[in-house]
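Everything on this sheet refers to the single structure shown next.
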Amino acid sequence: MLHSGLWRSGRCISQTELLADFSVVPSDSDPDRAMRRLEPWKIAVIVVAVIVGLALIIGLITFFLCNDQDRYYNVSFLITNVNYDPQYNRQTTDEFRNLSEGIETMMSEIFKESFLSKRYIRSHVVNLSPDPGGVLASVVLVFKFASADSEATTWGHVNRVLRRRLKTIPTSLDVDQSTIRLTELNKKNGDNLLNNCCGIRRQAFSFTGVERITGGQRAREGEWPWQASIQLDGSHRCGASIISNTWLLTAAHCFRGGTNPRRWTASFGILLRPPKQKKLVRRIIVHERYGNVVVDHEHDVAVVELASPIEFTSDVHSVCLPEASHIFPDNSSCFVTGWGALENDGYSVNQLRQAEVKIISTEICNSRQVYGGAITPGMLCAGYLEGQVDACQGDSGGPLVQANSRGIWYLVGIVSWGDECGKRNKPGVYTRVTYYRNWIHSKTGI
Ligand code: 4AZ
């Protein structure tokens, strides 16, 4: 074998030995040589270590400078030019909605035109209480600040803008400046306060046109947080709506398979498998007059009590129930959601779907070419006379919802029946929630 090397003391020494020699007596004057004495794997390790170190430093800097986090504040103040109305006691009344909308618009004007405009997310009135001087309002404010911003600094910014702009902007509400109290809420308390309010959707979701459940658009997590699936022996039977942490509202016809609570479970989250949460059922109450077939499909309503309370999160919480007197206008837009079939007699799907439908007047829906008089006062029609967009089998019991002017979602109907799915002149028929509002209260206390 040929050696490439030098002769020393009459013997041939290899390059490896030479390099070992250099490492004992280093020569600093030649960096090239110093590099050459490093083995390639060592160089690779050093390079990788330097890259990882740099990436870590850059990552940490971006995390602290650019990572925005939600910060919650509670602000309370006295409104002096409004007299307290007992209807403010319930969040679902028109009176509560009107005053809250005024307050939320005022908050929006305060922050949207300030240097905090990019940081301000939303405001939500959580309470209106009586006071000898007027009405005491309690509002949750949500901002997005960089994690690096100190709590004291951001609180100071919000407090200053709030007080300064309340003095200068024109509003129809007179706020007593001396009563303003601003406190920062920790994330857990802020989340809890908002998740315990009905009908709130925590993110803004944009819609991309009109879809149908049959072939329509998939819902995203948190988009319809009140949607539940009720399951018989572990398989999806019907949709349902969360109306409190222990009660669901659904259709009576879902329990044709029996009302033994031990065979029923409920799941939450947009996927049937795996769900976000699952609960056992304690009690099923079907409307007493359902199935006394004077009119087919009448009184198609039931409530389900859960064995333990749902843990409310931004992805799983309740929808608002309308007042019995509320009127949802004909032709107004609603959304129906469910895991039901994509076509008549098809299979259920694993991911929740949504479709935009319009309320059709009972007069039109009862006309000869539509349902010829089958629609009773406890029902309402929604969809399109041209068909295509509709709920279908497996969507039954699920919610038909509409947002009010504050962006709060109310339950309009419960998917009930229809002549197949998406057929011309055969829109979906829903149980009218306002008609059964007092029945729901009598069974659940809600
Ligand atoms: C059903 O059988 C069903 N197209 C639900 C809704 C509709 C039709 C049938 C509405 O559960």
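The figures follow:
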item: Cβ-derived FRET efficiency at R0 51 Å, THR105 paired with ALA374, nearest 0.05; result: 0.75
item: Debye log10 I(q)/I(0) at q = 0.21, 0.29 Å⁻¹ for segment 257-309, Cα point scatterers; result: -0.83, -1.07
item: Translational diffusion of the chain, µm² s⁻¹ [Kirkwood Rh, Cα pairs; Stokes-Einstein; 20 °C; 1.002 mPa s]; result: 83 µm²/s
item: For segment 385-424 versus segment 235-306, the gap between their alpha-carbon centres in whole angstrom; result: 17 Å
item: Over the chain, relative contact order from alpha-carbon pairs under 8 Å, at least 6 apart, %; result: 14 percent
item: Gained length - ASP174 relative to ASP345, 0.36 nm times residue gap less alpha-carbon distance; result: 55.7 nm
item: Descending semi-axes in whole angstrom, ellipsoid equivalent of segment 217-444, from the Cα gyration tensor; result: 25, 19, 18
item: Local electrostatic count, ARG71, Cβ distance below 10 Å [Lys/Arg +1, Asp/Glu -1]; result: -2
item: Gyration tensor verdict on segment 317-394 (Cα atoms; rounded if a/c is under 1.5, prolate if a/b is larger than b/c, oblate otherwise); result: oblate
item: Translational diffusion of segment 104-143, µm² s⁻¹ [Kirkwood Rh, Cα pairs; Stokes-Einstein; 25 °C; 0.890 mPa s]; result: 222 µm²/s
item: Computed Rg/Rh of segment 119-247, alpha carbon atoms with Kirkwood Rh; result: 1.07
item: Separation in nanometres of the label points that stand 7 Å from Cα toward Cβ, at ILE446 and SER235; result: 2.8 nm
item: Contour minus Cα-Cα distance for ARG218 and ILE57 (0.36 nm per residue); result: 54.0 nm
item: Residues of the chain: accessible area per residue with a 1.4 Å probe, Å²; result: 50 Å²
item: Most mobile listed residue (ALA341, ALA44, ALA374) in the chain, GNM with C-alpha springs under 10 Å; result: ALA44
item: Electrostatic dipole magnitude of the chain [Cβ: Lys, Arg +1; Asp, Glu -1; Cα centre; debye, to 20]; result: 740 debye
item: Under the span-like rule (Cα at least 15 Å along the axis, Kyte-Doolittle mean at least 1.6), DSSP H helices of the chain; result: 40-66
item: FRET efficiency, ILE121 to ALA324 (Cβ-Cβ, R0 35 Å, nearest 0.05); result: 0.55
item: Fraction of accessible area attributable to carbon and sulfur, the chain (%, probe 1.4 Å); result: 54 percent
item: Within-14-Å neighbourhood charge of PHE145 [Cβ basis; K, R +1; D, E -1]; result: 0
item: R0 of 22 Å, Cβ-Cβ distance ASP94-ASN331: FRET efficiency to nearest 0.05; result: 0.65
item: Rounded if a/c under 1.5, otherwise prolate or oblate - segment 322-446, Cα gyration tensor axes; result: oblate
item: Extended-chain gain in nm, criterion 0.36 nm per residue less alpha-carbon gap, LYS278 and VAL48; result: 78.2 nm
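The values are calculated or read from the model by the stated rules, or taken from the named source; none is laboratory data. Note that this is a predicted model, so its numbers are computed, not measured. Please note: Cβ atoms are built from the backbone with ideal geometry, for glycine as well, and neighbour counts cover all protein chains shown. To get the accessible areas, we keep the full protein, side chains included, count just its heavy atoms, and leave off ligands, DNA and RNA. Shrake-Rupley method; radii C 1.70, N 1.55, O 1.52, S 1.80 Å.
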